[in-house]
Each structure stands twice: as C-alpha cells, then as structure tokens.
Amino acid sequence: MKFFSLALLLSLTSCAFITSKFEALTEKKKEKVTTISNKKNYCPANSKVQFISEDEFSLKFYKSLNPTIYENKNITFAEKSVMLALIEMSRRPDEASPYSRLQVYLKLNGKNYYYDFRPKNLADDTKMPFLKGLDFLTQKFVPNKSLLSIATQLDAVIPQGIGVSLEFENFLKENRKDLAKNDVLTERFFKGDEILTKYETFNRVSYKSTVEQYLNGFSKTADYEYDKNGLTANKSKKENYETNCNYDLSKETSLRDEIMSADQKKSHYIAMSEGEDYFLAVSSTTLFRPFKTNPKMGYFMKSRPAAFPLPICEFKGKNQEIVLFSSEGRNPVQHLQHLEAYEIDQVDSAFTLNELLGFSRHLFLSNPDRILYESNRGRKAQLDFFLEMNFPIYHVENLGNIFGHAKFKNDKHQESVLYSDDRSTARLWCKE
C-alpha cells in the first residue's frame, strides 16, 4: 500500500484518507470490538428519568435528592436543569465556577436549543457567564420563577455539607501548596494541615448569596453572547442526513490549530433527561495562579472562561437523533470527525452506538509528529495498519471523553437515552 508523505499525512485530507482506509481495513476482519468496562453507558429504553453524575459517590448524593427534586412533579424539567447546574457549581468550584464558559444543549417540548454563554470580550475575567446562562434559561423557560428564587429554594433543601468527589480530591492534592496560600481556600478545603479527601465534606456556598452577587453587577445582557458558534459550521455531504457542529470537521484549522491552542483541561459536564426532554451542559475554564478569591464569592477561584468552546455535533437521520459533546485531551474535535468516517449514520440503536463509541480511538498530532492509539481496545488489523505507516505510535489507555444523548425510532423499537463514556468515572442513574 502506498502512503502519503509525512507532511501530507498530517493535513486534513490525509487524516480523512487514513481514517477511511483504516476503517475499511478493519471491516474486512469482522473482529469483535474489545469490551474494556462493564460500566453502564446507557439506560434501558423504558427509563423515565436519567442523569449522569460525576462518579459513584456523587451518584449516591443525587439519589438522595430524587424525592425532593428530580421526581417532584411540581418542578418543571427546565427548573430541575437549572437546579442541577447550580448544585454542580457548588460541588466543583475548580471546573464549574460562576466565571466558567457554559455550553447548553436543551431539548424541551419537542424543540432543540443550543447556547454558548461567554463574555463578549473573552479577555474580560470579571463576568460570570455560567450564572448568566442559568439566568437566561430561567427567564426563557421558567417564566414564573427567577434565578434568585430557585437559588433560595435550593438553599432550603440541599445539605450544607458537600462531599468531595474523586476528581475534586485529585485537584486538591495536585494544588495543595497553592491552595494553602489562600486563607479562604484553606478554611474550606483543609482539615488541619491536610487537604480534604474523597467522601469527606466541605461547607457549600449559599446559592442565594452567590446569585445576589451576580445580580448586583454582572447580569447586564449587553456584556454577554450566547448565539455565536452555533451548530452551523459543518454540514454532512450525505443525502438525507445532517451533521451539524460548532466546528467544521472538514477544515484543518478546526482539527489542529484552534482547539489545540486552548486550555481545555478544566471542563465539567452534567446531563439529565426526563421522557423526551433532556439537558446537556458543559463548563470550561482556566484558573488564575496564584489562586485568588473574592470575599463576597466564597471559595470560587478567579478564572477566565475558556477561549474556545468544546466541540459538539448533532447527527440526524430518518430514525436517529444523536447529540454528542467531545471533551478532554489535545484534540477533541478529531474524535467527532472520526465518527463521521466510521459511518455513525448507520447506527440504529443505543447498543450499536455504544459499540461504536467503545471502538479504539486514535489521534494524529504534530510537534512532534505522532499517533496516539488506544491499543488495549484495538484490533490486530488496526495496529498492523499503523505500524505499516512507519510513523511514531504512542499507546495510551484512554483518549477523550464523549457524552450526550441519543434517540432512535423505527418499527422495532424506540429509545431515548443519555450516553456516558466508559472511559470516564461518570455514572448513570436510571429510573423506570
């Protein structure tokens, strides 16, 4: 087989070429995809309520709130979504603070909505786009309530002590020395001279007080944008099929330059569904160092909203509607680009979607030129193909993190499910 030169290999055209050839080669083998995890990645089709929590411990926390909030028929789905985001903000101040960029995909009463909340001036670190997004959603979809009234209601039902998740514990461990230099952070996240560990608790912020600070100087609509970067950058070339994304999957800049130049390490996602309605949200932020806090904002550390949004795509066919966010790693856009090459339009059930998303992933990266490859999930034919390229290959355990929602409807079955990547620590809750 004749391969492209190294320079051409790293261009978009060659990436697409290699991906298609690579998939064609593996199809000949008809080998079963390696299953790495027994984690439940999607709920049964008859699940009425579903949500994705950060890990097993946070799953228990949310289960305790089910009777009060998530199974409460007197609270609308849109209001529950805003509540979920406020709770996550208090749980993960390192990744979902008021200063974070917030992307939201909402399906409500049969209509789809996508927003990307950030300051008009991305260099302006005084704004609070996360709270602006929740304020906007409340005004538009919960007209009989205000964000302040929802925050006040939450203060009455959410426990004062919030458990430390595994990932938040990792953040505290990695930043112990910097956290110790700030008295506010030391008081909240240290016990004596040691940082809090998983399953221990810290006193959460007051939701009402946090929202009041936002309303007292950071809520001016003219300071924010939310419609830019809509799902119009990419269009599928396939007949009767739509691939709508916030990045153009066919352009080299979207695959190599823009997203790779941004610090996407601090991102956090949440998701919930109820019947046909669902809410997907991801926050992204860059923390300032040394860590600084505002006395009126509790333990929220000053940060700047991420310079670029995380990639998201809608994949729509006659019998399917799939919405996927891609996060983590050097180039999350590539994972969505590969899904097109792997013919996601042929997926017809949650089971086959799970098979596709569990398939081994790879990334083409430069500086230095190399391929990252999930060898433990791969097929021999795949590895042989990469080795034939005489190109540096680095074996990694996991690449990226994809989450979202999928709906399938045909004569045989109907499904509406959240999807959680088995590469993550996230856990699903399903209520039949």
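Some points to look at:
- Region 268-416: Lys pairs at Cα distance under 17 angstrom, eight or more positions apart or on different chains: 6
- Other residues lying with their Cβ under 14 Å from the Cβ of ASP227 contribute a combined charge of +3, Lys and Arg counting +1, Asp and Glu -1.
- Rounded to the nearest 0.05, the FRET efficiency derived from the C-beta distance between ASN203 and LYS120 at R0 = 25 Å is 0.15.
- Against the compact-protein benchmark of 2.2 N^0.38 Å, the Cα-based radius of gyration of the chain scales to 0.99.
- Angle of helix 56-65 to the longest C-alpha principal axis of the chain, folded into 0 to 90 degrees and rounded to 10: 50°.
- Placing +1 on the Cβ of every Lys and Arg and -1 on the Cβ of every Asp and Glu, with no other charges, gives region 78-209 a dipole of roughly 560 debye about its Cα centre.
- Region 110-169: trypsin sites (Lys or Arg not before Pro) in DSSP loop, at most 12 other beta carbons within 10 Å: LYS120
- Protein accessible area in the chain, 1.4 Å probe - carbon and sulfur %: 48 percent
- On full extension, the segment bounded by LYS111 and GLU56 gains 16.6 nm, given 0.36 nm per residue less the C-alpha separation.
- Cross-link table LYS132/LYS220; LYS132/LYS228; LYS60/LYS145, entries beyond 18 Å C-alpha to C-alpha: LYS60/LYS145
- Diffusion coefficient (Stokes-Einstein, Kirkwood radius over C-alpha pairs, 25 °C, 0.890 mPa s) for region 84-240: 139 µm²/s, rounded to a whole number.
- Förster radius 22 Å - calculated FRET efficiency between ALA222 and SER149 (Cβ-Cβ, nearest 0.05): 0.35
- D (Stokes-Einstein, µm²/s), Kirkwood Cα radius, region 264-339, 1.306 mPa s at 10 °C: 106 µm²/s
- The chain: relative contact order in percent, alpha carbon pairs under 8 Å with at least 6 residues between: 25 percent
- Taking only Cα atoms of region 38-131, radius of gyration then Dmax in Å: 15.4, 46
- Solvent exposure of the chain, expressed per residue, is 44 Å² of accessible area, with all protein chains present and a 1.4 angstrom probe.
- Take each peptide in 187-194, 71-78, count the other Cβ atoms within 10 Å of every residue, and average; sorted highest first, the result is 71-78, 187-194.
The values are calculated or read from the model by the stated rules, or taken from the named source; none is laboratory data. The structure displayed is predicted, hence computed values, not measured ones. Note that each Cβ is placed from the backbone with ideal geometry, even for glycine, and that neighbours are counted across all protein chains shown. To get the accessible areas, we keep the full protein, side chains included, count just its heavy atoms, and leave off ligands, DNA and RNA. Shrake-Rupley method; radii C 1.70, N 1.55, O 1.52, S 1.80 Å.
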